[in-house]
Amino acid sequence: MRTYMRLLFFVLLLGFSCKGMTQIMPVGDLFRVLEMGKDEMKDYLASRGYILSETDSSDQTLIRYYTALGKLDSSSSVWSVTYQQSSYKGYEGRILVYRTYNPDELSSFQSYISVNGYRLSESYKKEDAEEIFYRKEDKVIHLTKTFHQLENGKKVYAYAIELGG
């Protein structure tokens, strides 16, 4: 019994340690996730610490929301992946949105975009957000930077990258 308890404690400790790791997703992985089937996607994201938090569907649309919790610097952070698949009159489309609060990931998004030949096509600035569209042939990457001001005056920045297929 004692050995069993030690083993259980070790497994739980290992599980919680892995949950605390940063859930960074490279853009190349996001493109691969966009092409996966729903079970393969769920398994892959689960292996990265994401849980399926909500599903919404209709005759023409399927939306799946995945979230992961972890540490960013000394505070807790949330990462999310939203997958949407729609079909209408023989046309189909998929969108994947990855949201993070990690500014290092914004740099990695921009690096991927530059290295892989995407070009700036449009950009819009609002009071609390900036939206930038990059194109490469028929592919579009939509990058969004937003900030929210907390009651204590601190600004919280969020970064999202949207891919379509």
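Which of the trypsin sites (Lys or Arg not before Pro) found in region 37-105 are in a DSSP loop and have at most 12 neighbouring Cβ atoms, other than their own, within 10 Å? Could you put the intermediate results ahead of the total?
Values: sites: 38, 42, 48, 64, 71, 89, 94, 99; in loops: 48, 89.
Of the trypsin sites (Lys or Arg not before Pro), the ones in loops of region 37-105 whose Cβ has at most 12 other Cβ atoms within 10 Å are 89.
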Pick out, in residue order, every one of the GluC sites (Glu not before Pro) in region 112-165 that is DSSP loop and has at most 10 other C-beta atoms within 10 Å; say none if there are none.
127, 137, 151
Going fewest to most other Cβ atoms within 10 Å around each Cβ, 62, 120 line up as 120, 62
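List the trypsin sites (Lys or Arg not before Pro) in region 127-165 that DSSP assigns to loop (not H, G, I, E or B) and whose Cβ has at most 16 other Cβ atoms within 10 Å. Which are they?
Working: sites: 135, 136, 139, 145, 154, 155; in loops: 154.
Listed in order of number, the matching sites are 154.
All of the numbers you see were taken from the coordinates with simple rules; none came from a lab. Just so it is clear, the structure is predicted and the values come from calculations on it, not from any experiment. Reconstructed Cβ throughout: ideal geometry from the backbone, glycine too, with neighbour counts over all protein chains shown.
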